[in-house]
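Beneath this line is the structure, given in structure tokens, with notes to follow.
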Amino acid sequence: MQANSQEKSTRLIAFAVSHYCEKVRWALERQSIPFIEERHVPGFHWLFTLPNGGKSVPLLLTKAGIFTDSTDILHYLDVIAPTSQRLYPADPELRREVETLEDLFDTILGVSVRRWAYFYLLNNYKLMQKLLCDGVPAVESILFPIVFSQVRFITRKDYNITAESAADSLNQIKGLFEKVNNLLADGRSYLVGNSFSAADLTFACLVAPILIPPEYGGKTAALDELPDEMAVVHHELRNTLAGAFALRLFREERRNGFRLTNLVQG
Ligand SMILES: N[C@@H](CCC(=O)N[C@@H](CS)C(=O)NCC(=O)O)C(=O)O
């Protein structure tokens, strides 16, 4: 595809593995917005986020401004989206329901999934290298063996990763799967109203590190790379209503047929 000015002007600063970055990737691709994804090893991302007024990824740079949070990015994309592609309902009551669920998933589910998964994965150097170095600049890949122990230390500290917090997180995850199971029990196709919304997209993305949908646009572990403790939870949760729902959303709503992402490498 030819580079055009919009493609050059929309840049996503990301981690390959981050499920919050997948929220934004999905929303951009759904709206067929060309963008350049710039992936970084954790730590190196601060060279790109801090000068742009943020800290974490995803961070989106656009002609209209810089957005430093996945939900803010989805709100911005919704304003420029054609009505049929919008992720937030026009009806104020339905919109409130979508935003409440999105916030719950962002603040509890995404954080719990990350803490629980890293508890098991951070000691597996080879797997972490695969998950964190996919698509990053060559210099970051080369430096990875040197910086990894520091990345691991900061990750454990910042995300408060201990055996106890991982066990608590798994309880939170199961509680939220139960909540989604209950919503879906009446046979509805989407969490709120009759169409795909930011609540559906956020739930599907944030549970993806557990369910490993093949359509995931970032990097996930393969099932046979998961330690037994994670594989057990993978099988248990994918067989719930909520798990099957998230996998269906990836299958039916995620695939675009072609990728617009213009991943910058090296
Ligand atoms: N509320 C933020 C959360 C994003 C977030 O937690 N990003 C993590 C990666 S999954 C991150 O960038 N951590 C490193 C940092 O905060 O510097 C959003 O939805 O965008």
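The values are calculated or read from the model by the stated rules, or taken from the named source; none is laboratory data. Just so we're clear, the structure is a prediction, and the values are computed from it rather than from any experiment. As a convention, Cβ positions derive from the backbone with ideal geometry for all residues, glycine included, and neighbour counts pool all protein chains shown. For accessibility, only protein heavy atoms count, side chains too; no ligands or nucleic acids. Shrake-Rupley method; radii C 1.70, N 1.55, O 1.52, S 1.80 Å.
Here are the numbers:
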read-out: Filter result for the condition that a residue is in the same structural domain as SER197 (by TED's automatic domain parsing) and either at positive phi or within 22 Å of the chain's Cα centre (by Cα) (or both), over TYR118, TYR76; value: TYR118
read-out: Helices (runs of 4 or more DSSP H) contained entirely in the stretch 101-159, each with at least 1 residues that are exposed (fewer than 13 other Cβ atoms within 10 Å of the Cβ); value: 125-133, 138-158
read-out: Subset of the stretch 50-68 [surrounded by fewer than 22 Cβ atoms within 10 Å (Cβ to Cβ), touching a residue at least 12 places away in the same chain (Cβ under 8 Å) and near the ligand (Cβ under 10 Å from one of its atoms)]; value: GLY54, LYS55, SER56, THR68
read-out: Which numbered condition ASP78 misses (of (1) closer than 27 Å to GLU252 by Cβ; (2) buried (at least 23 other Cβ atoms within 10 Å of the Cβ)); value: (2)
read-out: Qualifying residues in the stretch 21-49 (those that are out of contact with any helix residue (DSSP H, G or I) (no Cβ under 8 Å at 6 or more places or on another chain) and within 9 Å of the ligand (Cβ to nearest atom)) - the one most open to solvent (accessible area, probe 1.4 Å); value: TRP46
read-out: Index of the failed condition, ASN52 passing every other in (1) in contact with a helix residue (DSSP H, G or I) (Cβ under 9 Å, 6 or more places away or on another chain); (2) over 19 Å from GLU253 (Cα atoms); value: (1)
read-out: Close pairs (7 angstrom Cβ cut-off, 6 or more residues apart or separate chains): more than 23 Å from GLY187 (Cβ to Cβ) in the stretch 224-251, assigned to a loop (DSSP other than H, G, I, E, B) and open to solvent by 10 Å² or more (accessible area, probe 1.4 Å) anywhere; value: HIS234/ILE212; HIS234/LEU226
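Every residue, every condition in (1) of a type in the set (Gly, Ala, Ser); (2) exposed (fewer than 13 other Cβ atoms within 10 Å of the Cβ); (3) at pLDDT 95 or above, yes or no:
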{"residue": "ALA221", "(1), (2), (3)": "yes, no, yes"}
{"residue": "ASP224", "(1), (2), (3)": "no, yes, yes"}
{"residue": "MET230", "(1), (2), (3)": "no, no, yes"}
{"residue": "ASN239", "(1), (2), (3)": "no, yes, yes"}
{"residue": "GLU252", "(1), (2), (3)": "no, yes, yes"}
{"residue": "ASN256", "(1), (2), (3)": "no, no, no"}
{"residue": "ASN262", "(1), (2), (3)": "no, no, no"}
